């Protein structure tokens, strides 16, 4: 069974440029998560989708970050414009659902973003 | 804000010894999960314990949960060099919150 797929794996951009990350979750997983992880820290949830609906985006900096999950499968996370502080690893994860006892998450390899 | 806080921040042991990591949290939860992260395999789910459970085992892993103290512990028995990684607890209440992690080094 294929795992969570993310692309690109690495991205280097200059500040003020836009950037987008793509995620394909495990087939059949209704819940999709985007996290940001800074060096030496734990992942920070940016947004969680239940099918197509964004149900938790309280930590998403909405002035520059946007996300979508069309047809409840693939998802894209965008930053426009990028700032130096956005340098981090962006992780995508998926789970069967958010019901108690069924929400173990499967993570993709992440996209390492460097903003110069 | 991060709810889970792991302790210690770093731990170094010899192969064959046991490793214990602790996690404390602040608000009520539905379940608590432990994850491992190393450079080779990324973030991997280890074990999930529900709020009405007190102890769970999986292979060499033993997890306890004390909801009255809002704390959990992860015990790895007979550690191996391959256990070297960062270990994170993640709490699920109204949303998911990961702690800052414990960096475990297992020396051969």
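Just so it is clear, none of the values below were taken in a lab; they were calculated from the coordinates. Here the structure is a predicted model, which is why all the values come from computation and not from measurement. Every residue, glycine as well, gets a Cβ built from its backbone with ideal geometry; the counts of neighbours run over all protein chains shown.
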- Item | Sorted by Cβ density within 10 Å, fewest first, the residues B:103, B:36, A:112 | A:112, B:103, B:36
- Euclidean distance of C-alpha centroids, segment B:49-104 and segment A:30-74, integer Å: 24
- Rel. contact order, % - alpha carbon contacts under 8 angstrom, at least six apart, chain B: 39
- Using a 10 Å cut-off on Cβ to Cβ distances, tally the other chain neighbours for every residue of A:29-41 and report the average as a whole number. 2
- Message: Between residue B:22 and residue B:80, how high is the FRET efficiency from 1/(1 + (r/R0)^6) when r is the Cβ-Cβ distance and R₀ = 25 Å? Nearest 0.05.
- Response: 0.75
- First measure r as the distance between the Cβ atoms of residue A:62 and residue A:12, then evaluate 1/(1 + (r/R0)^6) with R0 = 25 Å and state the FRET efficiency to the nearest 0.05. 0.50
- Cα gyration tensor of segment B:5-107 - equivalent ellipsoid semi-axes, whole Å, descending: 22, 14, 12
- Note on the structure: Shape descriptor, segment A:1-59: equivalent ellipsoid semi-axes (Cα gyration tensor, sqrt 5λ, whole Å, largest first) stand at 22, 16, 13
